[in-house]
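Asks: Mind looking over this structure? Questions follow.
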């Protein structure tokens, strides 16, 4: 029986960024439905990722295409007040895209980070429920897993670190209790 994870004393708004590797050189198609589902969560901030050698910010999907913003696009800085003057109209127009940029989901680089924002504990609980009900299903390969209990090979950080982080943090327990080698890899240490 694994110990229960402790709850933070006071909730603080949470930006949750989960780095993932969804394939070796290409996205494994088994993850496509879960990626699409992640965009539907109200807590979604999208995916940080890209295509090989080019970073992109994915904000949604249409069919099998992901919609993205390119963080390398530069824009002028300025103030948009009442849009009463031409320069305010031009500045306002710079905040909008004239067309959506799309990329086929399987052309994404397999290294991504799925991101969420939970302002309240209730929103975090809602995110966990959405993950359980919409991502961890028999017909989908899950991107992430939500656990109520910690795994035996994970150990909590000391209380000082947990207090500093404002939540229970976990570190990987070095004395792992599983086979440390296979045909392709060998773990040393």
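Asks: Give me 24, 131, 67 sorted ascending by neighbouring Cβ count inside 10 Å, so fewest comes first.
Replies: Least to most surrounded, the residues fall as 24, 67, 131.
Asks: Now for a different question. Using C-alpha positions alone, give me the convex hull volume of the range 102-153 per residue in cubic angstrom.
Replies: It is 147 Å³ per residue.
Asks: Between residue 139 and residue 95, what is the label-point separation in nm under the 7 Å Cα-to-beta-carbon projection?
Replies: Here the answer is 4.0 nm between the modelled labels.
Asks: Test of understanding: ordering 123, 129, 88 by Cβ neighbours within 10 Å, fewest first, what list do you get?
Replies: 129, 88, 123
Asks: What's the exposure ranking of 17, 66, going from fewest to most Cβ atoms within 10 Å?
Replies: By the 10 Å Cβ count, ascending, the order reads 17, 66.
Asks: For an R0 of 22 angstrom, estimate the FRET efficiency from the Cβ-Cβ distance between residue 113 and residue 40 and round to the nearest 0.05.
Replies: Efficiency for this residue pair is about 0.80.
Asks: Rg to Rh ratio, the range 28-140, alpha-carbon atoms and Kirkwood radius?
Replies: Here Rg/Rh amounts to 1.07.
Taken together, the values in this text are just the output of simple stated rules run on the coordinates, not laboratory data. Just so it is clear, the structure is predicted and the values come from calculations on it, not from any experiment. For neighbour counting, all protein chains shown are included, and Cβ atoms are generated from backbone atoms with ideal geometry for every residue, glycine included.
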